[in-house]
Amino acid sequence: MARYLITGIAGFIGSTLAHALVEQGHEVRGIDNLSTGSLDNLADIRHAISFEQTDLQDVAGMKAACEGVDFVLHQGALASVPRSVKDPLGSHQSNINGTLNLLIAARDAKVRRIVYAASSSAYGDQPTQPKQEDMPPLPLSPYAVQKLTCEYYIQSFYRAYGLEGICLRYFNIFGPHQAADSPYSGVIAQFTYKMMAGDTPTIFGDGLTSRDFNYVDNAVSANLLACAAPSAVATGRVFNIGTGKSQTLNDVYAAIAGELGFREKPKYGPPREGDIRHSLANIERATAELGYRPKVGFHDGLRKTIAWYVAEHEKKAATTIEG
Ligand code: UD1
């Protein structure tokens, strides 16, 4: 049994990680400022974890959070490319200042290792596909710059202070509990939510933009493997966490529409600012050095995800009728 601190524990990936760790009998502490996460995501394990509502930028809060911890799984961030385009300073403060503050606290508390939720957006519009970790990064959006900057911080904290770190470059993670009701939500969540409400989603661009969509359980397994990996790979090393397959936005639309029986053709709008065109992971490094293998494929993951949104929708409808 080990002690884990999950930042952003009330978010979609953080809460899924928390469930997995609780199930394995580990001690889980979590922090979240609840700006985008929700305690609803932790309702069934709230009794089994300790939780503080704290911001990553809170110096005393991070000091207390890191005390006695073995592993930090750093998921907390203001995610979303368009949000960072709209508010670069706000997202900088959360994503960079918050991470630096956490790293200082983790160093001082002598945490064993930090596993960081990095982002494939760091590759930007690198023309070569699939993306490999040793390609020079070419970040486009402020969000991509922020996520990449924190990788460099993780590496420098290893070199300067010996704090072990692993950066997991998430490709587009999706699954149950991903918030769906904001313009900053992930595309699968938004499309599903809209189609369920009878609204036709808009595809930004021509629909041929593609992403390596990765089901959340695969990201959870990557985090657990990163904690178990030998120290030799915890030097701030970067790993792609995708599936090695990509889907276009047209494919995604069709797959969700097919599952939900939604018959309207998509609307098309202009491409979104800061967006990259194609994103596809080469996962050989993660496979070789961490033992990572994505167990849930896109279509299976999508079915589980849609089933969850439908069940949530029905629960809410039932509550409204009762109330
Ligand atoms: C996503 C993640 C980001 C992560 C990155 C890794 C989210 C919200 N963002 O960014 O945190 O670091 O993957 O690669 O999960 N789109 C539409 N219509 C919509 C909404 C989106 O066409 O209504 C398009 C976007 O323009 C984009 C694609 O769908 O081309 C994916 O967008 P999004 O889900 O926001 O993810 P990324 O920006 O790729």
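The values are calculated or read from the model by the stated rules, or taken from the named source; none is laboratory data. Computed from a predicted model, the values in this text were never measured in an experiment. Cβ sites come from the backbone with ideal geometry, for glycine too, and all protein chains shown count toward neighbours. Accessible surface is based on the protein model in full, side chains and every heavy atom, while ligands, DNA and RNA are left aside. Shrake-Rupley method; radii C 1.70, N 1.55, O 1.52, S 1.80 Å.
Just give me the residues in the range 199-230 being among the aliphatic types (A, V, I, L, M), open to solvent by less than 30 Å² (accessible area, probe 1.4 Å) and outside any helix (DSSP H, G or I), in sequence order.
Ile203, Ala229 - these are the residues of the range 199-230 that are among the aliphatic types (A, V, I, L, M), open to solvent by less than 30 Å² (accessible area, probe 1.4 Å) and outside any helix (DSSP H, G or I).
Open to solvent by 20 Å² or more (accessible area, probe 1.4 Å) and in a helix (DSSP H, G or I), is that true of Asp275?
In short, no.
Under 20 Å from the mean Cα position of the chain (by Cα) and hydrophobic (A, V, I, L, M, F, W, C), is that true of Val233? No, not satisfied. The single residue among Tyr158, Tyr143, Tyr123, Tyr152 that is surrounded by fewer than 16 Cβ atoms within 10 Å (Cβ to Cβ), of a type in the set (Phe, Trp, Tyr) and farther than 15 Å from Thr7 by Cβ turns out to be Tyr152. Take the conditions polar (S, T, N, Q) and closer than 29 Å to Ser231 by Cα and apply them to Gln53. Does it pass? Answer is no for this residue.
Looking only at residues of the range 250-265 that are in contact with a Leu (Cβ under 8 Å, 6 or more places away or on another chain) and either assigned by TED's automatic domain parsing to the domain that holds Ile114 or surrounded by fewer than 19 Cβ atoms within 10 Å (Cβ to Cβ) (or both), we find that the one that is farthest from Gln129 (Cα to Cα) is Glu259. Which residues, counting only those in the range 161-184, are part of a loop (DSSP other than H, G, I, E, B), buried (at least 19 other Cβ atoms within 10 Å of the Cβ) and within 9 Å of the ligand (Cβ to nearest atom)? Phe171, Asn172, Gln178 - these are the residues of the range 161-184 that are part of a loop (DSSP other than H, G, I, E, B), buried (at least 19 other Cβ atoms within 10 Å of the Cβ) and within 9 Å of the ligand (Cβ to nearest atom).
What about Ser210, is it touching a residue at least 12 places away in the same chain (Cβ under 8 Å), among the polar types (S, T, N, Q) and over 25 Å from Pro136 (Cα atoms)?
no
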